[in-house]
Amino acid sequence: MNPTLKPSRLAGLLCTAAFGAAQAAGAPQFPVEDFFANPQQGYFQLADDGSTLSFMQPVGVDGQPPRMNIHVQALEGSEPVGPVRRITAETARDIGGYFWKGSDTVLYAKDFGGDENFHVLAVNVKTGQVTDLTPFENVRAMITDDLQDDPDHVLISHNQRDPQVFDVYRVNVRSGQSQRVAQNPGNIIGWQTDHQGRVCVALASQGLETVLLYRDNEDEPFRPLLTTDYKTQVAPALFTFDDRRLYALSNRGRDKLALVELDPARPQEEKVLYEHPEVDLDGVAYSRLRKVLTEVSFQTDKPGRHFFDEQARALHGRIAARLPGYEFSLQSQTRAEDKFIVAAYNDRTPGARYLYDAAADTLHKLAEINPKLPEAQMAHTRPVSLQSRDGLTLHGYLTLPPGREPRQLACVVNPHGGPWARDSWGYNPEAQFLANRGFCVLQLNFRGSTGYGRAFWEAGFGQWGLAMQDDITDGVHWLIEQGIADPKRIGIYGGSYGGYATLAGIAFTPDLYAAAVDYVGVSNLFTFMNTIPPYWAPILPKFHEMVGHPERDKERLAATSPALHVDRIKTPLFIAQGARDPRVNKAESDQVVQALRERGVQVQYMVKDNEGHGFHNDENKFEFYRAMEQFLVEHLKP
């Protein structure tokens, strides 16, 4: 079956695209830096008591290139006042993320050259003293619970004792002293605390099964509550507010992830609280202050919410009324839940950040995230759907270049990474950059993508390079059949799994693409699975079932490993790789480059020694996107 689009959606798409072209005719090209530079101010957070505002902004320390560092400023009501103070001095890499611990300490994550061995550091906001809470080499650490009711401690998981598993420690944020509160027996892949900060739930990976473990308190051993196969998810989200039952996202006995309530005394029963008929739920929110569930979130073509709580619904409505034309999320709040950081955005702009004062019902703008790119001159991203050759409905997003008739365009197909993830509606700097350069961009959620239910996810098992790749190919044929794409000027670009799909596209459909960009992509399914991080070991049996077993499925994995079929590749290729990538080893890119060069085929290859799974430092991002632009313009001629 040839892929086709429902006529009503196509007509609306082309009609609005033509209108947008007229609106944005003559849109100028903006510099690469304007799309990919760090914001001058972003990542706003509120101290628990609402007295201090924090944010990150790029600053050069000791003559080094600017890096995102944390700054603080006093608040009076909704207004930042007084001097801005920088409280961190990172020079090698941007800070990966941070949050407040109370009102006098900030915790942040730091890795080294992209190795993803994150440390957790604490900063005293008043004195600037920095304490590394996990000062261990080649150890990966993460926050398990911020213990909001304990002013001095947090729970941190790390793999110092055993690189393959994570134990939980109660760590003093001032002294760095730690005490282990849960030891991993070797198969725990996730921990969950109750509202008192006690580690009372764990998820164990046991071959092809997942076991939900429970205990009433930390003095008892864990006992199994539920055992499910690897295709069934029962993911604990939080405890009920009396700490006696669990809220979880579950697809047990159904296709879609729903919010359910579980009683440890009767674990085989589920009380379904909300299920969306079309998509999985993404997450659940609650009020710690009022001890109520507030909402669940999901994504159809665009983000959606279902409210359980009228107060939360009213709050959302008041903010939405002030931000017409924008989606928004609440990124931070005070402990009293009376002030909120609001992130507003749409498909054409990363938008602005605001401070909302609930008592005064005021919305104060803090910063535009990217004021250099005028929203009116950016491209719309529109949801599309099409049928695969075997009858599956595939959803995705199409971004058309402003000021261009949507006919016979140079196009870039951009498969997402994961692959157990999905593309979503919103602002995407890569799609906007390519559209600004005259390309149309198709982002298709091929089978195996998450969010569309269990059956759609399972349809991708064992299908790397096969039906998953056929879906992407069907997306290309749809672009051609609708007259949007010039069949001689179609490129493919993707990162991680998207990089694998890029290599598979030019190896297994060598006449389809005129240019390809592989960004930290898998090339050889055998070597890839032999070089995964040690902490993936507990889930490796499931990985073998979902992707393929190197012995049992040897023939299929060999047939679908692009590195073993480079003799078929004739498409111009550009590869970019971080030397310290812990997920997709540099050898994945090296072997393709070496094999092609041995055949006398030129391949452009960029390696950054201080990067990992993707480039994060601004100077490396700029170099990569400039090179990608030059490469795609040369071969696709937009």
Worksheet item: Of the listed peptides 110-119, 60-69, 437-446, what is their order by residue-averaged count of other C-beta atoms within 10 Å, with the highest listed first?
Response: 437-446, 110-119, 60-69
Fill in: Among N159, P541, M468 - extreme Cα towards positive end, dipole of the chain, charges at beta-carbon
M468
Worksheet item: What figure in square angstrom, to the nearest 10, would you give for the accessible area of I539 with a 1.4 Å probe?
Response: 60
Discussion item. Give the aspartates and glutamates whose C-alpha is closer than 19 Å to that of K126, dropping any in the same chain fewer than 8 places away, or say none.
Written reply: D48, D49, E76, E90, D104, D152
Discussion item. Can you tell me which aspartates and glutamates have their Cα less than 13 Å from the Cα of K271? Leave out same-chain residues fewer than eight positions away.
Written reply: E261, D263
Worksheet entry | Mean residue ellipticity (222 nm) of the chain, computed from DSSP H runs ≥ 4 via -39,500 (n - 2.57), nearest 500 | -6000 deg cm²/dmol
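At a 10 angstrom cut-off on C-beta neighbours, averaged per residue, how do the peptides 323-329, 263-269 rank from highest to lowest? Display every interim value, and only then the final one.
Details: 323-329: 14.7, 263-269: 12.4.
Answer by packing, highest mean first, reads 323-329, 263-269.
For the chain, what is the relative contact order in percent, using Cα pairs closer than 8 Å and at least 6 residues apart in sequence? Please list the in-between numbers first.
Details: 1469 pairs, mean separation 73.7, N = 638.
Contact order relative to length: 12 percent.
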Item to complete: Can you sort L53, L512 by 1.4 Å-probe accessible area, starting with the largest?
Response: L512, L53
Fill in: Accessible area in the full protein assembly, largest first, 1.4 Å probe, for T502, T127, T531
T127, T531, T502
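For the chain, give me the percentage of DSSP beta bridges that are antiparallel, rounded to the nearest 5 percent.
Numbers: 118 of 139 bridges.
The antiparallel proportion sits near 85 percent.
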Worksheet item: Ordered by residue, what ³J(HN,Hα) values in Hz, to whole numbers, does the stretch 250-267 give under the Karplus form 6.51 cos²θ - 1.76 cosθ + 1.60, where θ = phi - 60° and Gly and Pro are x?
Response: 9, 10, 5, x, 8, 7, 9, 5, 10, 8, 10, 10, 10, 9, x, 6, 9, x
Item to complete: For each pair in K608/K637; K542/K570; K570/K637; K302/K339; K302/K372, compute the distance between the two Cα atoms and list the pairs where it is over 30 Å.
Response: K542/K570
Item to complete: Tell me which residues come under 5 Å, amide H to amide H, from T294 once H is placed; ignore anything under 5 positions away on its chain.
Response: A285, Y286, S287
Worksheet item: Protein chains only, probe 1.4 Å: how do H276, H380 rank by accessible area, largest first?
Response: H380, H276
Worksheet, complete the sentence: For the stretch 495-540, the percent of accessible surface on carbon and sulfur atoms (probe 1.4 angstrom, ligands and nucleic acids excluded) is 63
Worksheet, complete the sentence: Read-out Cα extents along the principal axes in Å, candidates [x] 73, 68, 52; [y] 63, 57, 52; [z] 80, 55, 49; calculated match is [y]
Worksheet item: If packing is taken as the mean number of other Cβ atoms within 10 Å per residue, what is the order of 571-578, 627-634, highest first?
Response: 571-578, 627-634
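The values are calculated or read from the model by the stated rules, or taken from the named source; none is laboratory data. The shown structure was predicted, so the numbers you read here are calculated from the model rather than taken from an experiment. Backbone-built Cβ (ideal geometry, glycine too); neighbour counts: all protein chains shown. Note: accessible area is taken over every heavy atom of the protein model, side chains too, but ligands, DNA and RNA are not part of it. Shrake-Rupley method; radii C 1.70, N 1.55, O 1.52, S 1.80 Å.
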